[in-house]
1. Could you tell me how many of the residues in the stretch C:109-156 are more than 14 Å from chain A (Cβ to nearest Cβ) and closer than 21 Å to C:ALA191 by Cβ?
2. Just to check your reading of the model, which residue among B:ASP72, B:ASP76 is open to solvent by less than 40 Å² (accessible area, probe 1.4 Å) and over 13 Å from the mean Cα position of the chain (by Cα)?
3. So, C:LEU65, is that one more than 12 Å from every other protein chain (Cβ to nearest Cβ) and under 24 Å from C:VAL207 (Cβ atoms) or not?
4. How about the stretch C:95-108: which of its residues are within 9 Å of chain A (Cβ to nearest Cβ) and among the polar types (S, T, N, Q)?
5. What number of residues in the stretch A:177-222 are at pLDDT 90 or above and of a type in the set (D, E, K, R)?
6. Please determine whether any residue of the stretch C:53-73 is under 15 Å from C:ALA144 (Cα atoms) and in contact (Cβ under 8 Å) with a residue 24 or more places away in the chain.
7. Pick from C:ARG110, C:ARG138, C:ARG129: which is among the charged types (D, E, K, R), within 19 Å of the chain's Cα centre (by Cα) and open to solvent by 20 Å² or more (accessible area, probe 1.4 Å)?
8. Against the condition in a helix (DSSP H, G or I), surrounded by 22 or more Cβ atoms within 10 Å (Cβ to Cβ) and within 9 Å of another protein chain (Cβ to nearest Cβ), how does A:ALA16 come out, does it pass?
Amino acid sequence: MPRAEKTFRKESPVSAFLRAIGAVAWKDLAAEFRSRELFTAMLVFALLVIIIFNFALELDISTRRSVTSGVLWATFAFAGTLGLNRSMSIEKDQGSLDGLLLAPVDRSAIYFGKVISNLAFMLIVEAIVLPVYSFLYGVNLLQPGLMLILLLGSIGYIVVGTLLAAMAVQSRTRDVMLPILLFPVVIPVLIAAVKASEGFLSGGEAAAIVPWLNLLIVYDVIFTSLAFMVFDYVVEE
Amino acid sequence: MQAKPAILKVLDVVSVLLLAAAAYLALVFAPTEAVMGQVQRVFYFHIGTAWTALMGFIVAGAAGIIYLAKRDEKWDIVEVAAVEISLVFFLITIVLGSIWARPVWNTWWTWDPRLTTAAVTELIYIAYFMLRQGIEDPNRRARFGAVYTIVGAISAPITFFAIRLFRTIHPVVIGASDSSAQGTFAMTGDMKVAFFFALFAFTVIFIDLLWNRILMGRLASRVEQLKLNLTS
Amino acid sequence: MIQVRKLVKRFGTKTVLNGLDLDVREGEFVALLGPNGAGKTTFLRILASLSQPSLGEVRVAGHRLPHQAAAVRARLGVVSHTPLLYGDLTAQENLRFYGRLYGLSDLTKRIDEVLALIGLTARRGDLVRTFSRGMQQRLAIGRAVLHDPDVMLFDEPHTGLDQDASAMLDRVLKSVAAQGRTVVMTSHDLARAETLATRYDVLSRGVIVASTTRQQLRNSNLLAFYKRSLAD
């Protein structure tokens, strides 16, 4: 006597899929909102890196302007790995990844849910770092065009990062593994994001920016599709 | 346990002979290039090893996809073999590239698209082996290897295009259309002979090495199995 | 409800389950006993669709694993010795999360029912981090019955619990089982297993070596039976 009919909602598979993604994303955000461990770590780290850059690259105003993009993206890349590592470790250490895998939903829903929460964390950190950087170095970074670049670049980074973090966390050398796996394959994102940001900050000629935006979009689309297809292989046993 | 198949032994000999012949063509037969001088001869080997590395790259990516589809261990062995060969040959390519670059452009390294992508691909390969190293379960090791190979196989070409968009000082050889790049040269007939023969020789060398390495992989797998049968 | 034929599970070259056969009828409460390393957890993970068989057939609730895994998961509730709960969320939020993930209707009502069943209504708004292990286990069971599954799998649920907590857990287990569900529970605690279950199977070295029911055991005790089946 299957009890299933009354217990489960009647909805289309797509709707169920989206609901599962929402549940996973909400869970991560709610839990993090309570403890703020991950987020604090990322933010403090990012701010420290920015400050270190100031001493490492003693620069006059004009040179500073030209390295801003590079410094920002290097910072985000490093801080990002902290967040990614932590987000996956939580599931692995408590064994709660099994809890997610037991749900009668497509495994990729877990992936997309994680991407959304990881992306949210990264974007929030960026949203705080931008004004701080603007304040410390007298460069106005609070511009919508720049935010678009930040968004596209972060998406590419997190999409690949979440997939690779799921693998890294299952290896013995888990903490060092993620940056080593991630950075070589995420270079196109960094190049494109830095060049687009540079182009934007130094005048905003379309020809200097648009090709890079296109590259970011292509990268994002390709890797989101790829991750969707292979995530199952990464979490199954 | 199978012995090495006769045809592979023949291929070994053929590969060595082809390498010798290619060396002759590159070092003796081909004319000396007008601007760069003798050092330009490195180019034939540089292209050859780059070609081998590239074939390894493609085979690795394909093997990764096939492994995930079929879950047959033999494709994992092919994948590891291809990555190893590609790793070594990209390294040789980079070194030869440096040897060529120094006298011609007065620098050991140029951040041009091809060379930089080769370096990034090297890092991907190293990450690949480190990942495999840290995983106990052979099934998981193979799965993760395949996934990462596919990620790398897609990412590296995108890196190439990104850098190309970025800058270039790598010589354009075939056709010499962009002679504003320093160190460009056009190939004469004899040079083309040496060039294409090098490509051919290194293709054969790649197949020979890949085959040998796959056999080694199978033997290693068999040894593991025997070891565990003995101890359990 | 559960049919297993010739189940084999290998990790690399190590064989953990070696041609296991099992039949569990609807409504039975089976205690799966066996020494450490016998393969109990591995077997339960395969039934839970978390691990894939190397060979053999597994059917749960009429669906084949691994092909129809999603259908099986909807009818399956699993409690392992890690609680699978999120410490930074409240009991209620944990249940709400799983309820939404599973796509349950009437979720609020269902959560109230489950909290009452496991005796945690008073603590529903407290962070799971603050719960004792016993309370976490009860909440874990609550999570597992939320979607009203037909089949329940428990992997050593009494691990780490003191007497009082274990007794409370037994009460919950009994009421959960009483609702007509099919239960498979692995355990080291023979006395507990004897009172909770109605059937006892012994897993040793990858196969089921003995099986008996409470009725059949009437004149002897489980410990003696267990020792005897391992001695062969």
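The values are calculated or read from the model by the stated rules, or taken from the named source; none is laboratory data. Here the structure is a predicted model, which is why all the values come from computation and not from measurement. Glycine gets a Cβ as well: all are built from the backbone with ideal geometry, and neighbour counts include every protein chain shown. Ligands, DNA and RNA are stripped out before the accessible areas are found, and what is left, the full protein with its side chains, is counted by its heavy atoms. Shrake-Rupley method; radii C 1.70, N 1.55, O 1.52, S 1.80 Å.
1. Final tally of qualifying residues: 2.
2. Details: B:ASP72 fails: open to solvent by less than 40 Å² (accessible area, probe 1.4 Å).
Only one candidate passes the filter, namely B:ASP76.
3. On the way: more than 12 Å from every other protein chain (Cβ to nearest Cβ): yes; under 24 Å from C:VAL207 (Cβ atoms): yes.
Yes; evaluated as a whole, the condition is true for this residue.
4. Result: C:SER105, single match.
5. Summing the residues that are at pLDDT 90 or above and of a type in the set (D, E, K, R) in the stretch A:177-222 gives 1.
6. Going through the stretch C:53-73, the residues under 15 Å from C:ALA144 (Cα atoms) turn out to be C:72-73.
Filter once more, keeping what is in contact (Cβ under 8 Å) with a residue 24 or more places away in the chain: C:73.
The answer is yes, given that some residue of the stretch C:53-73 is under 15 Å from C:ALA144 (Cα atoms) and in contact (Cβ under 8 Å) with a residue 24 or more places away in the chain.
7. C:ARG138
8. Working: in a helix (DSSP H, G or I): yes; surrounded by 22 or more Cβ atoms within 10 Å (Cβ to Cβ): no; within 9 Å of another protein chain (Cβ to nearest Cβ): yes.
So A:ALA16 fails the test.
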